[in-house]
Every structure is written in C-alpha cells, then in structure tokens.
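S.K.: Questions regarding the structure given below will be posed in turn.
The values are calculated or read from the model by the stated rules, or taken from the named source; none is laboratory data. Here the structure is a predicted model, which means the values were calculated and not measured. We place every Cβ from the backbone using ideal geometry, glycine too, and count neighbours over all the protein chains shown.
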Amino acid sequence: MQRYEAKDVSPDMSFLEMLDVVNEKLIAEGTAPITFEHDCREGICGSCGFMINGVAHGPKSGTTVCQLHMRSFKDGDELYLEPWRAKAFPVLKDLMVDRNAFDRIIAAGGFITARTGSAQDANSIPVPKAYADRAMDAAACIGCGACVASCPNASAALFTGAKISHLGLLPQGQAERDRRALRMIAQFSSELFGSCTNIGECEAACPKHISLSVIAQMNGDYLKASVRDRGAVKESSD
Amino acid sequence: MQLDSRIPSGPIEKAWEKTRFEMKLVNPANKRKFTVIVVGTGLGGGAAAASLGELGYNVKCFCFQDSPRRAHSIAAQGGINAAKNYQNDGDSIYRLFYDTVKGGDFRAREHNVYRLAQNSVSIIDQCVAQGVPFAREYGGLLANRSFGGAQVSRTFYARGQTGQQLLLGAYQALEAQIDSGRVTMYPRTEMLDLVVIDGKARGIITRNLVTGKIESHVADAVVLASGGYGNVYYLSTNAKGSNCTAIWRAHKRGAAFANPCFTQIHPTCIPVSGEYQSKLTLMSESLRNDGRIWVPLQKGDKRPASQIPENERDYYLERRYPSFGNLVPRDVASRAAKAVCDEGRGVGETGLGVYLDFAESISRLGRGAIEERYGNLFEMYERITGENPYEMPMRIYPAIHYTMGGLWVDYQLMSSIPGLFVLGEANFSDHGANRLGASALMQGLSDGYFIIPYTLGNYLASNKLAKVDAGAPEVRNVLSEVENSVKRLLSIKGKRTVTSFHRELGKIMWDHCGMARNAEGLKQAIRQIRALREEFWRDVNVPGSGDDLNQQLENAGRVADFFELGELMCVDALERNESCGGHFREEFQTDEGEAMRDDEHYQYVAAWEYMGPDAPHQLNKEPLNFEYVHPAQRSYK
C-alpha cells in the first residue's frame, strides 16, 4: 500500500482531476505517477473505475468515478483506492485491470447477426414502446466491471444478463436467442468469474442502474434454451 | 502533388450507383488472401472491420483503449440523421444533402455529401436490424426529433446515448467477426507510424501499451479511422485519449492534410470551472429543442436567473434568427454566445456562460416529458455543477467538439497515398466548414458500413501488390525510427510535465485559433507554438521507461504531434482570408457580424503537403464545384 497526500483540492474537481493534480506533483518530485484507466470522463465509455473505501466508483449512486466530484468528500478524509478485485480481471498496474473477459463474452453471442446491407426497412417491424424502453434500460451497460468487483463471488451475471435482455427483448433478437444464451453463459462460466447467488451488490454498484431483473431474464432464457437445445440435438440425431 | 478526387461524371443521383458498378470486384475465394489493417474502432473503424471481416478479408484491427467498445463515438449523445421522412414533414435525400452542403457553408464536396444522404437511409435499417434500441412512439414506430440547421424532424435517437448504442451495434458485429476468426483484435495497441513501400501503404508500426513492445504489421491496405484532433486545444469535449497521432504520422509519410483549421465549437457545453479542469462536457444539442437560450439585457446583471423578469431577458437567438430560433447551426449559435459574453452580458462567476432555460417547456409539457427526453443529461449536469436544471436554468458555453478537417481523401475515401483509406472524423470530406448536429454518427457509419467495403475491394482488385515481409528493410527502417523517437522522449528528463505543455498549447490555440481568429493573432500563435515546441523537446519530463505500461510516455508522443498539427492549423487559418462555417476571421464579417465567405478566391479544399521537418508545408488546392446547391450567404433569419 502506498500513501499519497492530495493538496489543493477544490470541491468542483472530479475525482480523476484530483488524481491528475496528485500525479502532476508526483512527476515533478521525480516519483512514479498513479496509473488509472480513464478516457471520456463523461461516464459513458466505461474505462474508469476502482474501489474507493471498498465501494465501486465511490459513494455516489449512479455515478462513475470520472463523474464523482470532490464535493462528495470532506477535507481531511482518508480514502483507500484499490483496483477492481476479481480473478477474471488481472491487475495490469496500480488501479488498472484487464477486462477483456467481457469482450470474449460478447464475442460468444452478444450480437444479432445482420449482414451489412441486408436489412429491411427499419419501420417494417414495429416494436412496442415498453419493450424498446426495457431493451434500452439493459443496453445502457457501459461494461465498466463494477458489478463484478462488487460481487462477493465476482460474478459477471449482471453484465451478461444485460446483453441477453437487451437483445432478447427485441423482435430482431429472437432467431439467435437460444444460441446466444447458451454460448454467452458457456463463455462466462469458462472465464474466472464466480456464479451468481442473488446477493444484489451488483445492482447497487452499477453506475447505470442496470436492474437485477436482467439476471432473471438470463436464467429464464438459459433454461428454455437448454431444454430446447436437448430436443434439437435429439431431433437431428434421429 | 496531384489531387484526383475521382468524382464520377453524370447526374449526382446516379453517381454512387455508377461508381459501384464500375468498380472491380474481388472474387469471394480470393478475399481471404488479402490482409487489411484497420486502425480505430469507433463507428467508422468498428463498422469497417466488422463488414470487411464479414466479406471474408483477413482483418487486423487496432485500438489504444482496452476494448474496441470504448472508442469515443460512444460519447455522442443526441442522435443520427437520416432522410427517412418517417414524419411526413417534407424530408428527402435531396433535402438532407442540401441542408448539409449549406450547413457546411459551401466548403464540402457535393458528390460526397449526396452519397452520405443516400446512405443515411440504409444506416437506420442496418442499426435496427442489429438491435439498436432507438426511441419509439407508442405505435411501435421509430421516433424522431429536430436538430440544428434543419426544419424537419429527421434525427433518430436512443435517449441521450445514441452514440453508445450505435457503437455497441458495430462493436458487437465486430466481436462476432473476432469470434469467427476473420478479425484479429489488438486492443491497447497504438499506431505510431505508417509503412509506405513503392508509394503504397503497406503496414503500420505499433506500440503495445502494456509491454511497451514496438512491432510491425504488414498488409495489402491500411484503413485509418482514428477520429478527430480536437484535443489539440487541450480542453475539448473529446475523450482524454483522443489524438491525432495516427493521421499525423501518415501525413508525414505523404498523406495530404485537408482544411486543418476547420474545427467545430459546440455551443452547449458546461462552462470551465477552474485551472485543474481536464476536459469539457457537452450537453447535447437536442436540448435546444426545448430549452431557450438567453442572457440579461443589462450588462453586469448579477441577479440570479429567477429574479430577472421576462422583459429584462434577451433571448438573442430567437431575436436575431426568428425562423430557426434556438436551432440555428452550431457555428452561428457559438459565435452569438461569444458576442453577448464579449458585451459583458455573460452569466456565472466567470461571465463566460449563457442560460439554457427549460422553465417554459416544463410548464408547457410537464416535468415528466422533459425528464423522459433529457433525464440523463439533466442528471449529468447536476453531477458536474451541483445545480438542479429542473429548478434553475443551465449555464452553457461553447467548447471545441469536432474537427471537420482531416486527411484528404478522394470520392473512394483513399488518401493521397494509394492503399491508405481514411474514414469518419479522421478524413475531411463531408462537413465542409461546419458540421450539422447528428451528422457525425451518420458519416462514420456511412463510411464504415457502406463505402469502404466497396472501394477497398476495388483498390485490391485493380492493383498488383507484391508480397511484403515484416522483415523487409523498408519496414525495419520505419520501426527503428519509431524506436528512436520513443527513446528520445524518454531521454530528455527535463523539468516540465507533458500536461503542462499540452495545457499551454491548448490556451494558445483557443485564444488565437478558436472561435474568432485574425491575422495578427495567428502569426503570434505560430511564433508561440514554435517556441513552446522547442522548449518541449528540451525540457519535457517523461518519467519511467518504454518497456512497460507508461501513460506519460503515450501522452508525450501525442502532445508532440499536437504541436506540429497546431502550427499547421494556424497556417491554414491564416491562409484562408475569408470567414466560413467554424472558421471565423474577424477581418471578414458582414455589418451584422455574420461570416463573410469569399467564393471567388477560397472555394477550394486546402490540402497541405508535408515537405520535411524544417520546410514549410506546401499548399495544394482542390477546387470545389457547386452544380446543385448554389452558394449563397447562409441565412437562418
């Protein structure tokens, strides 16, 4: 553990701007700056994130660490910063981790196949507003990894469930719905994530308020797909 | 340098169809024999890599972020235009084309823009098929809203996260291709140079940002989709990592850089709050649909907004531009904000801000309706400023947001180096001197999904490309040049941090090459940038080594390139003795303070050619012809 002092902090600074100031000072003193991941600093790219006093993205609900401002803290506070804690996210340096396991879960089935240029007119299939809205709620996931880091099992159920729900709620996503659930969950299980035991820490930590209901949707899809998959295998082998 | 724009002859409506028919095709079985490099995974690069992989090419795709899903397209909020005319309000491909050419202040290529408007229709179809959850009406059909510079509702959106949803669509398609083995992904890998052999782009040199390893990758063609260069100003709405390195180093290998001074200042950003500020945050232009922009009538009026009565407020956009009102194009809105602040009527502590007020919309439509439309933007505003925009007006001020300039490309999106293609914000082609809102997403996806899959095939089928080995001397030479420049940055170990240089450069650029420019200021800026650059190479402190993860080193290389590009931007702005779009030269304005173009002398694309480290850039001109939309002074009154 390393201890740093953050001086000249304004309440209007973002948390990362505070770290910028600390780093500038460290470099000037000839010390190595603190490495942390960040990019858009608008809470949408999902690059940033670490634990502040044991809480993913810090104390403010629905807020990524880049949008957290120092007015959420008091002068003299002692803050413990740690990288995401999960075997599936190996630490690269300081507060930066490798989250490529998420990409592999998406690659396994988190998409709707639509060959470029082959699509029909966008309004030819109406989608009830309620479904479109729920799909959007799930699609808001930014892939930051706070759910995994907060879960005592380091499960990626919220992340995987969000994508399965987003695509499964839309008519366009039906053809691959079973395959998607089977393949994404197989990939999720083969990475070093734990299983979901419905604790709910993930939902509380999610900066985009992704609901725990996506996990129920995922489990339902997986169950149905497994049953149908057995049937399909049997039929084809007959 | 000879610039052949390869614009097809014949009527503009048939130009793209004709070009596609005349293109050579690569036999499906031969596609896997070609290797294509794609740099950048935003809407342009992500869509291109996915589509090229799907076609069967062997694709190597690179991004500096940890995952292709993080490219800065993700931050686009408001929407994407398409000439669907779903609202039956008189839209058409021709109208979108017309609006975009006019919005660009007659400095874009007509044929490119027409094709963009044509492709817009297919983009929406493609994205819906991929599962992009666009906003819908209760009947289940797609919803639309209006954006600046248009009098029709043609903007499709997914709450305030349209860029995110479109990018995730492209990213998911890309991941599917990665899973199928057609695309190999190289995350956390930054392109540091371009390899040109026999005059053709044949590969890139990269640095692995985790291990520090510098490597070469060879290919039959290279596609750059590395985004814009707004971060030359230090403070911009771009992501912190957005940079010009890929396009700038390609430029130094022979790719012409077009219209570098055409930058867009977005009118609705959260004002700067202090010295430590690391970036600026955009508030979507869509807010101007329901928000009214105003400042106090009296100079120096420090009363809180709620205590300023209606008759002491100046809704200056509605007053000056009655027919477009708060929805004038971005350049016009930004300049108007600057003008009222210069008069001393700005609001907030710094006086550099104007109000964006929702009180009237909330009382007319109810808080619920406003929350549904802009809820996440209002929350973001409150998080950053600590003020509640449902109860008091937002304070906004213009900020650098987008760069219309970029590498010069022909109609087939090929740069002046054969085999080097440039997509999206990284090229210069479609937005002229000002981009209309909701057009960047449209262009990125048009280039990536619907243009490059054709034009790249045409290039590969019409050229005989000799095999290149990664160990070839031409490749090894570029590799060792890159190694040396990395070593040089690390060896200086001076006193000043990279960020302190970047911030100072940004201030010079904003003061002299920002919202308003003049010859004297630009000359001064060029002198200051040169001096600062010299100091940078003498006194920068890049700590650590090149053999592992070193964010300061990454940033140092990018800032070094920003110095060179910043100077060229000033040179270009100085050379263009007219005002057009986002390029406002104070010497050239009408009595009413509107931009005054000089079509007789400046109706061209300025394509700058790199002549060596100590020689001035050479200007090449591509004349622009307007056969369909006749240049006139833009009027939004």
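S.K.: When the residues of segment B:16-44 are narrowed to those that are closer than 21 Å to B:A201 by Cβ, buried (at least 24 other Cβ atoms within 10 Å of the Cβ) and out of contact with any Pro (no Cβ under 8 Å at 6 or more places or on another chain), which ends up farthest from the other protein chains (Cβ to nearest Cβ)?
M.R.: If we take residues in segment B:16-44 being closer than 21 Å to B:A201 by Cβ, buried (at least 24 other Cβ atoms within 10 Å of the Cβ) and out of contact with any Pro (no Cβ under 8 Å at 6 or more places or on another chain), then B:I37 is farthest from the other protein chains (Cβ to nearest Cβ).
S.K.: Right, another one. Is it the case that some residue within segment B:574-592 is within 21 Å of B:H266 (Cβ to Cβ), among the aliphatic types (A, V, I, L, M) and buried (at least 18 other Cβ atoms within 10 Å of the Cβ)?
M.R.: Within segment B:574-592, none of the residues are within 21 Å of B:H266 (Cβ to Cβ), among the aliphatic types (A, V, I, L, M) and buried (at least 18 other Cβ atoms within 10 Å of the Cβ).
S.K.: Kindly list the number of the only condition in (1) surrounded by 21 or more Cβ atoms within 10 Å (Cβ to Cβ); (2) within 30 Å of B:D331 (Cβ to Cβ); (3) away from chain A (no Cβ under 13 Å) that fails for B:F536.
M.R.: Tallying (1) surrounded by 21 or more Cβ atoms within 10 Å (Cβ to Cβ); (2) within 30 Å of B:D331 (Cβ to Cβ); (3) away from chain A (no Cβ under 13 Å), B:F536 fails exactly one: (2).
S.K.: Name the residue, out of B:R95, B:R107, B:R69, that is surrounded by fewer than 24 Cβ atoms within 10 Å (Cβ to Cβ), charged (D, E, K, R) and not assigned by TED's automatic domain parsing to the domain that holds B:G582. Full working, then the answer.
M.R.: On the way: B:R107 fails: surrounded by fewer than 24 Cβ atoms within 10 Å (Cβ to Cβ); B:R69 fails: surrounded by fewer than 24 Cβ atoms within 10 Å (Cβ to Cβ).
None of the others qualify; the one that does is B:R95.
S.K.: Here is a further query. When you check B:G546 against the structure, is it closer than 26 Å to B:G227 by Cβ, surrounded by 22 or more Cβ atoms within 10 Å (Cβ to Cβ) and either of a type in the set (G, A, S) or at pLDDT below 95 (or both), yes or no?
M.R.: No, not satisfied.
S.K.: Right, here's the next one. Which strands (runs of 3 or more DSSP E) sit wholly inside segment B:162-238 and have at least 3 residues that are more than 12 Å from chain A (Cβ to nearest Cβ) and touching a helix residue (DSSP H, G or I) at 6+ places or on another chain (Cβ under 9 Å)? Even if it seems obvious, please write down each step before you answer.
M.R.: Working: elements: B:183-186, B:189-197, B:200-208, B:214-218, B:221-224.
Output list reads B:189-197, B:200-208, B:214-218, B:221-224.
S.K.: Given the residues B:Y402, B:Y390, which is the only one that is at pLDDT 95 or above, among the aromatic types (F, W, Y) and surrounded by fewer than 24 Cβ atoms within 10 Å (Cβ to Cβ)?
M.R.: Going through B:Y402, B:Y390 in turn, the sole match is B:Y390.
S.K.: Does at least one position in segment B:245-263 carry a residue that is free of Cβ contacts under 8 Å to residues at least 60 places away in the same chain and in a loop (DSSP other than H, G, I, E, B)? Outline the logic, then answer.
M.R.: Of the residues in segment B:245-263, the ones free of Cβ contacts under 8 Å to residues at least 60 places away in the same chain are none.
For segment B:245-263, residues free of Cβ contacts under 8 Å to residues at least 60 places away in the same chain and in a loop (DSSP other than H, G, I, E, B): absent.
S.K.: Filter segment B:136-147 for residues that are more than 7 Å from chain A (Cβ to nearest Cβ) and part of a loop (DSSP other than H, G, I, E, B) and give the result.
M.R.: Within segment B:136-147, B:A143, B:N144, B:S146, B:F147 meet the criteria.
S.K.: Another one. Which ones in segment A:28-57 are without any contact (Cβ under 8 Å) to a residue 12 or more places away in the chain and facing another protein chain (nearest Cβ under 9 Å)?
M.R.: Once the filter is applied, which keeps residues that are without any contact (Cβ under 8 Å) to a residue 12 or more places away in the chain and facing another protein chain (nearest Cβ under 9 Å), segment A:28-57 yields A:A28, A:G30, A:T31, A:A32, A:P33, A:D39.
S.K.: Would you point out the residue of segment A:17-27, among those that are among the aliphatic types (A, V, I, L, M) and facing chain B (nearest Cβ under 7 Å), that is farthest from B:N550 (Cα to Cα)? First the steps, then the outcome.
M.R.: Initial filter on segment A:17-27 (among the aliphatic types (A, V, I, L, M)): A:18-19, A:21-22, A:26-27.
From what's left, facing chain B (nearest Cβ under 7 Å): A:21, A:27.
Details: A:V21: 17, A:I27: 12 Å.
Going through the qualifying residues, I end up with A:V21.
S.K.: Can you confirm whether A:R115 is basic (K, R), assigned by TED's automatic domain parsing to the domain that holds A:G173, free of Cβ contacts under 8 Å to residues at least 24 places away in the same chain and more than 25 Å from B:N376 (Cβ to Cβ)? It would help to see each step written out before you state the result.
M.R.: Details: basic (K, R): yes; assigned by TED's automatic domain parsing to the domain that holds A:G173: yes; free of Cβ contacts under 8 Å to residues at least 24 places away in the same chain: yes; more than 25 Å from B:N376 (Cβ to Cβ): yes.
So A:R115 passes the test.
S.K.: Need the failing condition index for B:K493 against (1) of a type outside the set (A, V, I, L, M, F, W, C); (2) away from every other protein chain (no Cβ under 14 Å); (3) over 30 Å from B:L280 (Cβ atoms), just the number.
M.R.: Result: B:K493 passes all but (2).
S.K.: Restrict the check to segment B:510-518 and report whether at least one residue is in a helix (DSSP H, G or I), more than 14 Å from chain A (Cβ to nearest Cβ) and in contact (Cβ under 8 Å) with a residue 60 or more places away in the chain.
M.R.: Looking for residues that are in a helix (DSSP H, G or I), more than 14 Å from chain A (Cβ to nearest Cβ) and in contact (Cβ under 8 Å) with a residue 60 or more places away in the chain, one finds at least one in segment B:510-518, hence yes.
S.K.: From B:T184, B:T206, grab the single residue that is surrounded by fewer than 23 Cβ atoms within 10 Å (Cβ to Cβ) and touching a residue at least 60 places away in the same chain (Cβ under 8 Å).
M.R.: The match here is B:T184.
S.K.: If I go through segment A:37-57 residue by residue, how many of them are part of a loop (DSSP other than H, G, I, E, B), closer than 25 Å to B:Q77 by Cβ and not basic (K, R)?
M.R.: 13
S.K.: What residue, among those in segment B:433-451 that are in a loop (DSSP other than H, G, I, E, B) and out of contact with any Asp or Glu (no Cβ under 6 Å at 6 or more places or on another chain), is nearest to the other protein chains (Cβ to nearest Cβ)?
M.R.: Ranking the qualifying residues of segment B:433-451, first place goes to B:A438.
S.K.: Those residues that are within 11 Å of chain A (Cβ to nearest Cβ) and in a loop (DSSP other than H, G, I, E, B), I need them from segment B:371-397; list them, please.
M.R.: The one that is within 11 Å of chain A (Cβ to nearest Cβ) and in a loop (DSSP other than H, G, I, E, B): B:G386.
S.K.: Given A:K25, A:K60, which one is free of Cβ contacts under 8 Å to residues at least 60 places away in the same chain, outside the structural domain of A:K208 (by TED's automatic domain parsing) and either closer than 16 Å to A:A149 by Cβ or assigned to a loop (DSSP other than H, G, I, E, B) (or both)?
M.R.: A:K60
S.K.: Return a yes/no flag: does segment B:603-610 have any residue that is out of contact with any strand residue (DSSP E or B) (no Cβ under 9 Å at 6 or more places or on another chain) and assigned to a loop (DSSP other than H, G, I, E, B).
M.R.: No, the conditions are met nowhere in segment B:603-610.
Residues checked against (1) touching a Phe, Trp or Tyr at 6+ places or on another chain (Cβ under 7 Å); (2) under 30 Å from A:R183 (Cβ atoms); (3) within 13 Å of chain B (Cβ to nearest Cβ):
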{"site": "A:G62", "(1), (2), (3)": "no, no, yes"}
{"site": "A:F73", "(1), (2), (3)": "no, no, no"}
{"site": "A:G76", "(1), (2), (3)": "no, no, no"}
{"site": "A:R85", "(1), (2), (3)": "no, yes, no"}
{"site": "A:L92", "(1), (2), (3)": "no, yes, yes"}
{"site": "A:L95", "(1), (2), (3)": "yes, no, yes"}
{"site": "A:A108", "(1), (2), (3)": "no, yes, yes"}
{"site": "A:S118", "(1), (2), (3)": "no, yes, yes"}
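S.K.: How many residues, within segment A:81-110, are in contact (Cβ under 8 Å) with a residue 60 or more places away in the chain, assigned to a loop (DSSP other than H, G, I, E, B) and of a type outside the set (A, V, I, L, M)?
M.R.: The qualifying residues number 6.
S.K.: Next question, about the same structure. Return the only residue of B:L194, B:L224, B:L209 being in contact with a Ser or Thr (Cβ under 7 Å, 6 or more places away or on another chain) and at negative phi.
M.R.: Step by step, each of B:L194, B:L224, B:L209 is checked, and only B:L209 is in contact with a Ser or Thr (Cβ under 7 Å, 6 or more places away or on another chain) and at negative phi.
S.K.: Can you work out which of the residues in segment B:72-89 that are facing chain A (nearest Cβ under 8 Å) and not basic (K, R) is nearest to B:T403 (Cα to Cα)?
M.R.: B:H72
S.K.: Could you look through segment A:126-136, keep only residues that are touching a Leu at 6+ places or on another chain (Cβ under 9 Å) and more than 7 Å from chain B (Cβ to nearest Cβ), and pick out the one that is surrounded by the most Cβ atoms within 10 Å (Cβ to Cβ)?
M.R.: Top of the filtered list is A:R134.
S.K.: What pairs can you find where one residue is in segment B:525-552 and of a type in the set (D, E), the other is surrounded by fewer than 21 Cβ atoms within 10 Å (Cβ to Cβ) and not in a helix (DSSP H, G or I), and their Cβ atoms are less than 7 Å apart, with a gap of 6+ or different chains?
M.R.: From residues that are of a type in the set (D, E), the pairs are B:D539/B:G494; B:D539/B:K495; B:D539/B:R496; B:D547/B:G212; B:D548/B:T211; B:D548/B:G212.
S.K.: Further question on the same structure: Are any residues in segment A:120-143 assigned to a helix (DSSP H, G or I) and free of Cβ contacts under 8 Å to residues at least 60 places away in the same chain, and if so, which ones? Talk me through it step by step, then tell me what you get.
M.R.: Going through segment A:120-143, the residues assigned to a helix (DSSP H, G or I) turn out to be A:129-139.
Those that are assigned to a helix (DSSP H, G or I) and free of Cβ contacts under 8 Å to residues at least 60 places away in the same chain: A:K129, A:A130, A:Y131, A:A132, A:D133, A:R134, A:A135, A:M136, A:A139.
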